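Heads up: the structure comes next, in structure tokens.
The values are calculated or read from the model by the stated rules, or taken from the named source; none is laboratory data. Remember, it's a predicted structure, so these values are computed and weren't measured experimentally. No Cβ is skipped: glycine too gets one built from the backbone with ideal geometry, and neighbour counts run over all protein chains shown. Surface areas here come from the heavy atoms of the whole protein model, side chains and all, with no ligands, DNA or RNA. Shrake-Rupley method; radii C 1.70, N 1.55, O 1.52, S 1.80 Å.
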Amino acid sequence: MTHQEALEKAELFQKEASKQAEKSYWKPKYHITAPANWINDPNGFCYFDGEYHLFYQYHPYSAEWGPMHWGHASSSDLVEWRTRPIALAPTDEYDKGGCFSGSAIEKDGKLYAMYTGHVDLDKSLGGNDRIESQCIAISEDGDTFKKVENNPVIKKVPENIGIRTEHFRDPKVWKHGDLYYVVVGVQTLEESGAVVVYKSKDLINWEFLNIMAKSTVEENLGFMWECPNFGEADGRDILIVSPQGMKPEAEKYLNVHQSGFFLGKMNYETGEFDRQTAFDIFDYGFDFYAPQIMQDEKNNRCIMISWLDMWESKMPEQKDGWCGMMSIPRILKVKDNTVYSLPAPELVKLRKSEVHHEVTTDKTVSFDDVAGDCYELNAVFDLTEANGVNLKLRVSENEETDIAYDKETNILLLDRDKSGSGIEGQRQIEVAPIDNKLSLRIFSDRSSLEIFINDGQRVLSSRVYPTEEATGIVFVPNGLMNISIDFYKI
Ligand code: FRU
């Protein structure tokens, strides 16, 4: 089958499948997801031809992971996204196991998508279980992509540099000066995470530059770094990686895999990234992986979108014929030598109605006009005289998702034991009030909650699967406190 035929077939299948998926109550109203079936990592996040583009790992034929295609959505304002034709299908010798994750960049008015061609091998033959190489597809109109004849444009990692050749994926390309650079995720011979960097004049011919960064087994930074990203936020270089297999440390790293960053400095001569901060994760919730950033030159900012799910978690929406969604776009800000993530300011456009309440109380309170399943809620709790607070979201008779804050320990705990559909567990983060105030900005969308604490200092994102009836929002002060609430229906 030609690439074009495979795309047409997938489109038709998707159209039919979307009839069922659209009926699903849990399908997001304002987050990016596919019309039907499985999605994972964001790919190719960029600005091209007057729009933001976001591609994603996509299996159009079922709500489970399968041979990866690239789905595609675009938006002029980061708020209203429209689905575009499926961009890539795994039809060639070098990508027949899947068009895995990658990035996109504009060159001479054309859009270049760089992705990993994945091929499965028979492990019982004793060798590697896969071949992964880097490939390019070019689009003139942003819709139709043609794979180049030179594919794969990067066949293999050099053999003698202490890096395994098997796992080699997720290219993130950017331009610096006159040259293009690409960072690709790998693992060392000892099986710790690493990334390699290449340079090119034309995006087609690539030259190996160096191991850009790597970890040791002792560091507990995982056995493989997936989805590397590189960019700049507030004048600082930032290297983003998604390490697989970090071990839990107390209440940290409880998800199967993590996504986080190092601030530092890229040396373009040597190709080495000097790590200046310890690894820290972007999000302390249950569901956040493989974030991708784009440098928004127009507005001089760095925007991040991630997959709002996690490998191996229960995904009850699969029974409705779809699976997976993206986070809201977040702006990265460097502050106090760490990275804050804030909802993109454009998202205020989503606000449909506005309600404000201000109360001083030590009793449980709720408000008739502060309830729902799609909303933005901004709440500021003055804890000067109180010991803490519980905020309960998506509440029905038997359901709730509880956010508990304890001023003594500074621990904020997210409890999903009653979030629906048998999902469970807690995630927590230590975060101090600012001037005795804890501020929460929360985006709720049918089956997700994204909780931004103290202006993006910390974030917890999670999928939840309550029933339609679970629309209550309940404030439970532990002691006398002033609560200020701004609530917007979306
Ligand atoms: C990360 C990842 C990538 C890979 C893709 C496959 O979630 O495992 O490393 O390219 O998903 O869908």
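Values computed for the structure shown
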quantity: Residue count, the stretch 93-120 (criterion: open to solvent by 30 Å² or more (accessible area, probe 1.4 Å) and either more than 16 Å from the ligand (Cβ to nearest atom) or not assigned by TED's automatic domain parsing to the domain that holds residue 178 (or both)); calculated: 6
quantity: Search result, residues across the stretch 460-475 that are open to solvent by less than 10 Å² (accessible area, probe 1.4 Å), in a strand (DSSP E or B) and farther than 19 Å from residue 406 by Cβ; calculated: 461, 462, 463, 473
quantity: Within the stretch 267-327, strands (runs of 3 or more DSSP E) holding 1 or more residues that are closer than 20 Å to residue 55 by Cβ; calculated: 289-296, 301-307
quantity: Some residue of the stretch 227-248 being within 16 Å of the ligand (Cβ to nearest atom), farther than 17 Å from residue 183 by Cβ and not assigned by TED's automatic domain parsing to the domain that holds residue 454; calculated: yes
quantity: Residue list for the stretch 215-246, restricted to those being open to solvent by 30 Å² or more (accessible area, probe 1.4 Å) and either in contact with a Ser or Thr (Cβ under 6 Å, 6 or more places away or on another chain) or of a type in the set (Asp, Glu) (or both); calculated: 216, 217, 218, 219, 232, 234
quantity: Among (1) at pLDDT 95 or above; (2) within 30 Å of residue 26 (Cβ to Cβ); (3) open to solvent by less than 70 Å² (accessible area, probe 1.4 Å); (4) assigned to a loop (DSSP other than H, G, I, E, B) - the single one residue 402 does not satisfy; calculated: (4)
quantity: Single residue of 396, 341 found to be surrounded by fewer than 17 Cβ atoms within 10 Å (Cβ to Cβ) and in contact with a Gly (Cβ under 7 Å, 6 or more places away or on another chain); calculated: 396
quantity: Selection count where residues are part of a loop (DSSP other than H, G, I, E, B), touching a residue at least 12 places away in the same chain (Cβ under 8 Å) and under 18 Å from residue 217 (Cα atoms), scope the stretch 232-266; calculated: 7
quantity: Long-range neighbours under 8 Å by Cβ, at least six apart or interchain, first residue more than 11 Å from residue 196 (Cα to Cα) within the stretch 168-181, second aliphatic (A, V, I, L, M) and open to solvent by 20 Å² or more (accessible area, probe 1.4 Å); calculated: 173/105; 174/105; 175/105; 180/105
